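The values are calculated or read from the model by the stated rules, or taken from the named source; none is laboratory data. No experiment lies behind these values; they were computed from the predicted model shown. Here the Cβ positions follow ideal geometry from the backbone for every residue, glycine too, while neighbour counts run over all protein chains shown. The protein model used for the area step is the full one, side chains on, heavy atoms only, and it has no ligands, DNA or RNA in it. Shrake-Rupley method; radii C 1.70, N 1.55, O 1.52, S 1.80 Å.
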Amino acid sequence: MIQQIVNLQDILFQAQQGDTQAIATLINQALSTAAITAIVNSEGSCLQVTLLSHQSLEREFWVGFVKEGMKGLECKTFKSVRVIGQQIHKVPASWIEEFELSSPDLVIASVPDVTNIAQTQLAPETVVIPKERKFRIPLLWLVSGVMGLLLIFSSLIIKNQLENKQVIPIQKPTPQVQPTPIVTAKPTPKASPKPVAKVVKAPPAKPQTAPMYLKKTINGKITPKSVVHSGHGLFFAQNMMYSHTITVYNREHNLVKTIPDRVNLAKFGYANFKGDYNGAPVEVSFSHDGKYAWVSNYQMYGAGFNNPGSDRCSPSQGTDNSFVYRINTETLQIEKVIQVGSVPKFVATSPDNRFVLVSNWCSWDLSIIDTEKNQEIKRVKIGAYPRGIVVDRRSQRAYIAVMGSTDIAQVDLEKYWVNWLRNIGRSPRHLNLDKTGRYLYASLNGEGRVAKIDLTKPQVVSRVYTGAAPRSMVLSDDGQMLYVVNYSNNTVSKVRTQDMTVLQTVRVGASPIGITYDPKNREVWVACYSGQIMVFQD
């Protein structure tokens with residue numbers, strides 16, 4: 001506890017000296033119950049604070065909130081502050097307001113209870129905290145010295161008390177998706193198995209391995225939605241439409257290159273699109289020789305793209321198709337673009353490198369790209385909100401997590417037939433498959449658990465609670481450990497796969513959403529949407 005207070009004191013001191021990452025840490029701790037993420041950077045003597053939320057933010061209140069904080073912080077580094085209200089996945093910003101820090105009207109604004117602000121119409125990837133759990137935002141970043149530490153300490157106690165309670169997401173009706181053959185031939189009927197799940201309660205366990213610890217924090221002008229290891233020493237972070245870049249790092253944690261997402265579509269064979277266009281990088285998958293990186297773009301920006309998708313959408317809305325980029329990992333240049341469905345999210349490459357698979361969030365389907373032809377050859381109907389993808393080691397089957405359901409689709413990559421693993425759990429998001437091909441792991445975003453599925457039966461053999469809104473996961477190279485980011489708890493859980501026991505849970509930056517593993521250095525890289533990548537040694 002003493003060490004924790006010292007660390008917080010250091011952060012507070014750094015924030016007072018103008019360290020933007022320290023300021024971001026304090027703001028995000030204060031906003032930890034408000035479903036808002038702050039990204040902080042500087043432009044000369046101007047501090048820029050971007051507040052990201054799924055809902056539109058009330059301008060007067062949040063500008064007052066930032067003014068109050070800056071007055072309490074007494075930071076002399078900046079002359080002005082620019083506050084930006086930004087809805088996630090919407091461009092341009094909802095509003096922008098700038099104020100001078102020396103202005104005499106820099107008054108303290110009252111901060112009401114915001115626990116229940118923006119709790120309706122949340123994106124499918126969010127978890128709602130029940131209304132009965134109300135408390136005021138801990139304004140720990142608004143003060144300095146001893147009083148600041150006391151408020152920080154108090155807020156942590158309150159937050160820990162709340163996190164020890166069960167978080168029960170609001171359950172929405174589950175769309176029923178029927179098996180959908182995509183070719184004229186009819187698939188052989190198969191009986192849908194009824195998984196029998198055993199819920200594993202994970203008592204505190206002594207780690208049988210050394211605990212992982214923070215080794216490096218990577219900052220910069222980044223907003224990483226994901227971070228993925230190429231398998232050959234490069235790490236790609238996809239920074240969405242908030243930064244319009246892909247940042248590439250090496251094993252020494254150094255930035256190798258920043259790749260802009262700007263492309264000229266006509267030069268890549270799409271003559272209907274004139275001029276340059278921006279994308280919005282979401283996820284990446286590498287060819288198994290590490291030569292190519294395939295990057296999905298949430299949407300495109302430019303003339304001709306007038307009906308972008310969102311996190312709540314359906315095929316009937318006719319939203320714009322988007323593109324996948326192929327990047328050469330030697331030159332780090334975009335050398336191919338391939339049109340796919342609407343709002344492509346996850347990308348997976350088959351082990352034989354024949355196919356690249358892309359889950360299209362708004363068109364509710366799966367794009368199959370032939371890597372020799374560099375074009376989409378099939379579009380397979382899946383159902384509401386397909387997300388994570390994994391391909392078996394023989395490149396015969398692909399498994400797709402369908403977040404708008406409780407099911408996982410199984411796609412035959414020869415005949416393009418669809419079968420189902422039913423009743424896996426609420427809102428399956430991300431999938432991992434062990435090297436033997438026997439066990440499939442699914443993060444259940446809607447219930448805070450990870451499911452272990454035995455594909456030889458097939459059935460769910462266990463589930464374990466890791467934290468609120470588990471998003472991405474990654475297996476260690478030996479398959480013994482599974483690392484899971486818990487988006488709403490700002491934590492990463494280390495799970496022993498043999499018995500699905502949580503060995504360790506560590507705190508990370510705000511909104512952890514991506515994760516990858518480097519077997520050579522035994523490092524776990526965690527992408528935090530709030531603007532940092534944290535590297536842990538294990």
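Summary of computed values
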{"read-out": "Rounded Å value of the spacing that divides the Cα centres of segment 492-523 and segment 452-481", "value": "12"}
{"read-out": "Solvent-accessible ranking of Glu414, Glu447, largest area first, probe 1.4 Å", "value": "Glu414, Glu447"}
{"read-out": "Gyration tensor verdict on segment 467-538 (Cα atoms; rounded if a/c is under 1.5, prolate if a/b is larger than b/c, oblate otherwise)", "value": "oblate"}
{"read-out": "Rounded percent of accessible protein surface that carbon and sulfur make up, segment 249-362, 1.4 Å probe", "value": "45"}
{"read-out": "Rounded FRET efficiency, nearest 0.05, which uses the C-beta distance separating Cys46 from Thr331 and R0 of 30 Å", "value": "0.25"}
{"read-out": "Descending Cα extents along the principal axes, segment 391-538, whole Å", "value": "42, 32, 28"}
{"read-out": "Probe 1.4 Å, protein heavy atoms only - accessible area per residue of segment 413-538 in square angstrom", "value": "27"}
{"read-out": "Exposure rank, largest accessible area first [Tyr292, Tyr385, Tyr325; 1.4 Å]", "value": "Tyr292, Tyr385, Tyr325"}
{"read-out": "Two-site label geometry, Arg422 and Arg507: point separation in nm, points 7 Å out along Cα→Cβ", "value": "4.5"}
{"read-out": "Dipole-positive endmost among Val411, Asn423, Ile368 within segment 334-431 (Cβ charges, Cα centre)", "value": "Asn423"}
{"read-out": "Whole-number percent relative contact order across segment 424-538, with pairs defined as alpha carbons under 8 Å at least 6 apart", "value": "16"}
{"read-out": "Amide H partners (placed H, <5 Å) of Ser94, local residues excluded", "value": "Gly85, Gln86, Gln87"}
{"read-out": "Rounded accessible area per residue of segment 260-341, 1.4 Å, Å²", "value": "41"}
{"read-out": "Shape parameters for segment 328-459, alpha-carbon atoms, Rg then Dmax in Å", "value": "14.6, 45"}
{"read-out": "Efficiency of FRET from Cβ geometry, Gln396 and Gln317, R₀ 35 Å, rounded to 0.05", "value": "0.55"}
{"read-out": "Thr20 accessible area, 1.4 Å probe, all protein chains in place, Å² to nearest 10", "value": "40"}
{"read-out": "With DNA, RNA and ligands ignored, accessible area of Cys313 (1.4 Å probe; Å², nearest 10)", "value": "10"}
